[in-house]
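Working notes for the structure below.
Laboratory data are not the source of any read-out in this text; all were calculated from the coordinates shown. What you see is a predicted model, and the numbers here were worked out from it, not measured in a lab. Backbone-built Cβ (ideal geometry, glycine too); neighbour counts: all protein chains shown.
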Amino acid sequence: MEFKSYQKISEHIQQEIISGKYVLGASLPSVRDLAIVYGVSPQTISKSIALLAEKGYVKTRRGSGSIVIFEKIPKAEKSVCMLVDNERNLVLNDNENIAAYHSKDIYLSFLLQMNNLSLKSQILMYEKDTQKCNPELCLELEAAGAVFVQGTLPECYFLFLENIKKPVVLINREIPNYIKSGYWGSVRIGNKGLVEGINYLKSLGHINILFPCPSYVSDMTVFKERYDKTHKAIQSTFGKKPFSLEIFNFTDSLHKNIEKLESYIKQGYTASFGFNDIAALEMSQLLDMLGLKIPEDFSLVGFDDIFAAQLSTPPLTTIKVPRSSMIGEAFKILDKLHEAQKENYDILRITEKIESTFVIRGSSFMRS
C-alpha cells in the first residue's frame, strides 16, 4: 500500500498506536526513519506527526522521535454486552404490550450511551430458570469486555462470570453474597419516593391498601423485595395504628379479577400501591368496569413513571424511577471496576443508589 499524503500516513500510524504497536510512553521512530519507511520527504512526515499531536496521540519532541501519549483502551473497555432473560426478551419484542415500554427505556438508554462512547454493544438472552450455563452464551460472555445484567441471573452464570473475572454491573439487583472474587457493581433504586408515597396515602386517610402485581412478574425476586420495602415503610409510617397491605395477583381471567377486586372493596380497601405502573393501570381498568371513579371512589399509586402513566385518565400518581440515570451510573461504576481490574484487585464490590421521587397526579384523593 502506498502512503503519499500526510493524512494517510497519520491515519496509519494512528492505527498502529491504537493496536498497541506503540504503547503509552514509547517513542515513535525519528522523522528521518519514518520518511524512509513510508518513502516520502521528512516534511511530509513532520506534517503527519503534527496531525497526530493535534488529535492527542503523541507529544512532539525536537531532535528525536515523538512520545506516545494515547493509552490503548483495553478490550474490556471497548465492548459491553447486556444480558436479558428470555421472558423479558419476549416482552421487548411485543409492541402491543405496554410493559415493553418500561424495559425498552433501559435498553435504549444503554444503546445510546454505548453509541456516545463509541463502544461496541450487544444484547444477549439467557434462560431465566436454568441451572446449567449455555456453552454458546458463555463463549459470547468471554469475548465481551464487560457485562450489564437486567433481570434475575441464575447462579450458574454468576459463578461463571466470577471465574473468568469479568467486570459485571447489575441493574437494580443485589450482588449475591456467595460471590467471593472478581469485579462487581450494582445500581439500586432508593426508597425516598416509596416512603413519600406511603406517607401521602396515609395523609389522605387510606388504611386498607392493595398491592397489585401483574401475573407475569409475580415470581420475580424484585417483587418480594419491593413488597417487603413497601410493607416496612407502611409499618414505620402507621406505627401502632391498624393498617392492611394485601397482595392482589392478577390472573388471566378478567371475570375473576373483577370479582376479587369487588370483594376487597366491600372489605374496606380504598387504595392500591402498585408493584409498577402496569399493575396500577390494570387496576384502573378493573375499577372502570365496576363503574367506580378514580380518585373519588378509589386511589391509585404506581411505580416507575412510564409514559403511559402520564397519559392515563386521570394521570397516574406514581414513584418516578430515573432509568436513564441508572444506566449512566452503571457506566461510572464500570469505569471503577476497570481500574480495579488493571490493578489486579482480588475483588471489588460497588453499590450505588439512584433516588426515586414521588410524583402526585390525579389518581389519588382524600378520604372523607
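Numbers for the structure displayed
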item: Relative contact order computed over segment 6-68 (Cα-Cα under 8 Å; 6+ residues apart), in percent; result: 42
item: Distant-in-sequence amide H partners of E246 (H built 1.01 Å from N, under 5 Å); result: I209, L210, F211
item: Helix 277-289 axis, angle to the chain major axis (alpha carbon atoms, nearest 10°); result: 30
item: Kirkwood hydrodynamic radius of the chain, from inverse mean 1/r over distinct Cα pairs, in Å; result: 24.0
item: Folded to 0 to 90 degrees: helix 99-116 orientation relative to the chain principal axis, Cα; result: 20
item: Cα principal axis extents for segment 128-258, largest first, Å; result: 55, 35, 20
item: Compactness of segment 6-68, expressed as Rg and Dmax over alpha-carbon positions, Å; result: 10.2, 27
item: Eligible aspartates and glutamates near K128 by straight Cα distance, threshold 13 Å, same-chain separation 8 or greater; result: D85, E87, E155, D219
item: Potential extension, L24-A53 segment - 0.36 nm per residue separation minus Cα distance; result: 9.1 nm
item: Trypsin sites (Lys or Arg not before Pro) within segment 251-290: DSSP coil, no more than 11 neighbouring Cβ in 10 Å; result: none
item: Percentage relative contact order, the chain, counting C-alpha pairs under 8 Å, at least six apart; result: 16
item: Amide H partners (placed H, <5 Å) of M125, local residues excluded; result: V84
item: 0 to 90° range, to nearest 10: angle between helix 254-266 axis and the chain longest Cα axis; result: 60
item: Excluding exposed DSSP-loop GluC sites (Glu not before Pro) (at most 16 other C-beta within 10 Å), longest clean stretch of the chain; result: 175-295
item: HN-Hα J in Hz across segment 52-62 - Karplus 6.51, -1.76, 1.60, θ = phi - 60°, x for Gly and Pro; result: 4, 5, 5, 7, x, 8, 9, 10, 6, 9, 7
item: Percent of Cα-Cα distances greater than 25 Å, calculated over segment 192-322; result: 17
